[in-house]
1. Would you check which residues across the stretch 51-74 are touching a helix residue (DSSP H, G or I) at 6+ places or on another chain (Cβ under 7 Å) and either under 16 Å from residue 102 (Cβ atoms) or modelled with pLDDT under 90 (or both) and list them?
2. Go through the stretch 111-158 and count every residue that is part of a strand (DSSP E or B) and either at pLDDT 80 or above or under 27 Å from residue 83 (Cβ atoms) (or both).
3. What number of residues in the stretch 118-151 are more than 24 Å from residue 67 (Cβ to Cβ) and free of Cβ contacts under 8 Å to residues at least 60 places away in the same chain?
4. Which residue pairs have Cβ atoms under 6 Å apart, sit 6 or more places apart or on different chains, and have a first residue in the stretch 48-74 that is closer than 19 Å to residue 109 by Cα and a second that is part of a loop (DSSP other than H, G, I, E, B) and at pLDDT below 95?
5. Can you tell me which residue in the stretch 84-101 is nearest to residue 142 (Cα to Cα), limited to those that are modelled with pLDDT under 85 and surrounded by 13 or more Cβ atoms within 10 Å (Cβ to Cβ)?
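The values are calculated or read from the model by the stated rules, or taken from the named source; none is laboratory data. From a predicted model like this one, the values you see are computed outputs, not experimental measurements. A quick note on method: Cβ atoms are made from the backbone with ideal geometry, for glycine too, and the neighbour counts reach across all protein chains shown.
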(Lines give C-alpha, C1' and ligand atoms only; values in the text may rest on other atoms or scores of the structure.)
Protein backbone atom coordinates (compact mmCIF):
# COMPACT_ATOMS: atom_id res chain seq x y z
CA UNK A 1 0.00 0.00 0.00
CA UNK A 2 1.26 3.47 -0.88
CA UNK A 3 1.42 6.32 1.62
CA UNK A 4 -1.08 9.10 0.98
CA UNK A 5 0.83 12.32 0.24
CA UNK A 6 -2.26 14.41 -0.46
CA UNK A 7 -1.19 16.90 2.23
CA UNK A 8 1.85 17.92 0.14
CA UNK A 9 1.33 20.60 -2.48
CA UNK A 10 3.36 19.37 -5.50
CA UNK A 11 4.26 22.97 -6.32
CA UNK A 12 6.02 23.34 -2.94
CA UNK A 13 7.50 19.99 -1.89
CA UNK A 14 9.46 19.78 1.37
CA UNK A 15 13.16 20.45 1.02
CA UNK A 16 15.67 17.94 2.34
CA UNK A 17 19.10 19.18 3.29
CA UNK A 18 22.11 17.04 4.13
CA UNK A 19 24.56 18.07 6.83
CA UNK A 20 27.81 16.51 8.01
CA UNK A 21 29.02 17.02 11.55
CA UNK A 22 32.35 16.02 13.06
CA UNK A 23 32.78 14.94 16.68
CA UNK A 24 36.32 15.96 17.68
CA UNK A 25 37.63 15.34 21.18
CA UNK A 26 40.80 16.21 23.02
CA UNK A 27 42.83 13.58 24.87
CA UNK A 28 40.70 14.04 28.03
CA UNK A 29 37.43 13.56 26.13
CA UNK A 30 36.23 17.18 25.96
CA UNK A 31 34.22 17.87 22.80
CA UNK A 32 35.09 20.64 20.34
CA UNK A 33 32.14 22.99 19.77
CA UNK A 34 31.64 25.82 17.30
CA UNK A 35 29.12 28.66 17.08
CA UNK A 36 28.09 31.26 14.52
CA UNK A 37 26.90 33.36 17.46
CA UNK A 38 29.49 32.85 20.23
CA UNK A 39 27.79 35.37 22.53
CA UNK A 40 24.82 33.02 22.89
CA UNK A 41 25.94 30.30 25.31
CA UNK A 42 23.09 28.01 24.18
CA UNK A 43 23.81 28.12 20.43
CA UNK A 44 26.85 25.86 20.06
CA UNK A 45 27.25 22.62 18.11
CA UNK A 46 29.67 20.28 16.40
CA UNK A 47 31.77 21.24 13.40
CA UNK A 48 29.14 21.30 10.64
CA UNK A 49 29.07 21.61 6.87
CA UNK A 50 26.04 21.45 4.57
CA UNK A 51 26.68 19.05 1.70
CA UNK A 52 26.21 20.43 -1.77
CA UNK A 53 24.15 18.60 -4.36
CA UNK A 54 25.80 15.24 -5.14
CA UNK A 55 28.47 15.74 -2.43
CA UNK A 56 28.89 12.68 -0.20
CA UNK A 57 28.43 13.47 3.50
CA UNK A 58 31.90 12.18 4.41
CA UNK A 59 33.46 14.74 2.03
CA UNK A 60 31.39 17.47 3.68
CA UNK A 61 32.69 16.27 7.08
CA UNK A 62 36.28 16.68 5.90
CA UNK A 63 35.38 20.21 4.74
CA UNK A 64 33.80 21.01 8.13
CA UNK A 65 36.95 20.00 10.00
CA UNK A 66 39.19 21.89 7.60
CA UNK A 67 37.28 25.16 7.39
CA UNK A 68 35.78 25.40 10.88
CA UNK A 69 38.85 24.34 12.90
CA UNK A 70 41.79 23.91 10.48
CA UNK A 71 41.92 20.18 11.22
CA UNK A 72 42.98 17.75 8.52
CA UNK A 73 41.00 14.52 8.34
CA UNK A 74 41.61 11.75 5.82
CA UNK A 75 38.60 9.63 6.60
CA UNK A 76 35.84 9.69 9.16
CA UNK A 77 33.88 6.83 10.69
CA UNK A 78 30.11 7.30 10.67
CA UNK A 79 28.63 7.38 14.18
CA UNK A 80 24.95 8.26 13.70
CA UNK A 81 22.46 9.54 11.13
CA UNK A 82 19.65 11.73 12.41
CA UNK A 83 16.58 12.31 10.23
CA UNK A 84 15.01 15.57 11.34
CA UNK A 85 11.43 15.92 10.21
CA UNK A 86 10.06 19.03 8.54
CA UNK A 87 9.19 21.93 10.76
CA UNK A 88 7.20 25.04 9.98
CA UNK A 89 9.60 25.96 7.19
CA UNK A 90 8.90 22.59 5.48
CA UNK A 91 12.59 21.69 5.53
CA UNK A 92 13.69 18.16 6.36
CA UNK A 93 17.31 17.35 7.14
CA UNK A 94 19.64 14.39 7.35
CA UNK A 95 22.46 14.93 9.84
CA UNK A 96 25.45 12.58 9.47
CA UNK A 97 27.74 12.63 12.51
CA UNK A 98 31.27 11.37 11.94
CA UNK A 99 34.05 10.59 14.40
CA UNK A 100 36.85 13.13 14.09
CA UNK A 101 38.86 11.26 16.70
CA UNK A 102 40.53 12.07 19.98
CA UNK A 103 43.18 14.53 18.90
CA UNK A 104 46.59 15.01 20.47
CA UNK A 105 47.76 18.37 21.76
CA UNK A 106 49.87 18.89 18.62
CA UNK A 107 46.77 18.45 16.42
CA UNK A 108 44.93 21.02 18.52
CA UNK A 109 47.55 23.79 18.50
CA UNK A 110 45.79 27.09 18.04
CA UNK A 111 42.49 25.82 19.47
CA UNK A 112 41.24 26.88 22.92
CA UNK A 113 42.00 24.80 26.00
CA UNK A 114 39.04 23.08 27.69
CA UNK A 115 36.92 25.62 29.56
CA UNK A 116 38.26 28.50 27.47
CA UNK A 117 36.66 30.08 24.45
CA UNK A 118 38.46 31.68 21.53
CA UNK A 119 36.37 33.36 18.86
CA UNK A 120 33.80 30.74 17.88
CA UNK A 121 35.48 27.56 19.20
CA UNK A 122 35.47 25.92 22.63
CA UNK A 123 36.00 22.51 24.23
CA UNK A 124 33.42 21.33 26.73
CA UNK A 125 33.05 18.22 28.88
CA UNK A 126 30.41 15.82 27.46
CA UNK A 127 28.24 16.26 30.58
CA UNK A 128 27.94 19.99 29.79
CA UNK A 129 26.85 19.53 26.16
CA UNK A 130 23.10 20.02 26.95
CA UNK A 131 23.90 23.46 28.38
CA UNK A 132 25.56 24.69 25.19
CA UNK A 133 23.97 22.63 22.39
CA UNK A 134 20.28 23.09 23.06
CA UNK A 135 19.07 21.96 19.62
CA UNK A 136 21.49 19.09 19.04
CA UNK A 137 22.49 17.69 22.44
CA UNK A 138 20.57 14.41 21.95
CA UNK A 139 22.31 13.75 18.61
CA UNK A 140 25.69 14.49 20.17
CA UNK A 141 24.95 12.27 23.16
CA UNK A 142 23.97 9.39 20.85
CA UNK A 143 27.15 9.88 18.82
CA UNK A 144 29.23 9.79 22.01
CA UNK A 145 27.40 6.59 23.04
CA UNK A 146 28.44 4.97 19.74
CA UNK A 147 32.10 5.53 20.59
CA UNK A 148 31.91 3.12 23.53
CA UNK A 149 28.92 0.93 22.61
CA UNK A 150 28.94 -0.69 19.16
CA UNK A 151 25.29 -1.68 19.68
CA UNK A 152 24.05 1.86 20.36
CA UNK A 153 21.59 3.07 17.70
CA UNK A 154 23.06 4.38 14.46
CA UNK A 155 19.80 5.70 13.03
CA UNK A 156 17.91 8.46 14.85
CA UNK A 157 14.76 10.44 14.20
CA UNK A 158 14.81 13.93 15.71
CA UNK A 159 17.70 12.91 17.98
CA UNK A 160 16.13 9.68 19.29
CA UNK A 161 16.10 6.06 18.14
CA UNK A 162 12.92 5.22 16.22
CA UNK A 163 10.11 4.33 18.58
CA UNK A 164 11.60 6.29 21.49
CA UNK A 165 9.51 9.38 22.27
CA UNK A 166 11.33 12.69 21.97
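1. 71, 72, 73
2. Selection size over the stretch 111-158: 8.
3. 10
4. 62/73; 65/71; 65/73
5. Within the stretch 84-101, the match that is nearest to residue 142 (Cα to Cα) is 86.
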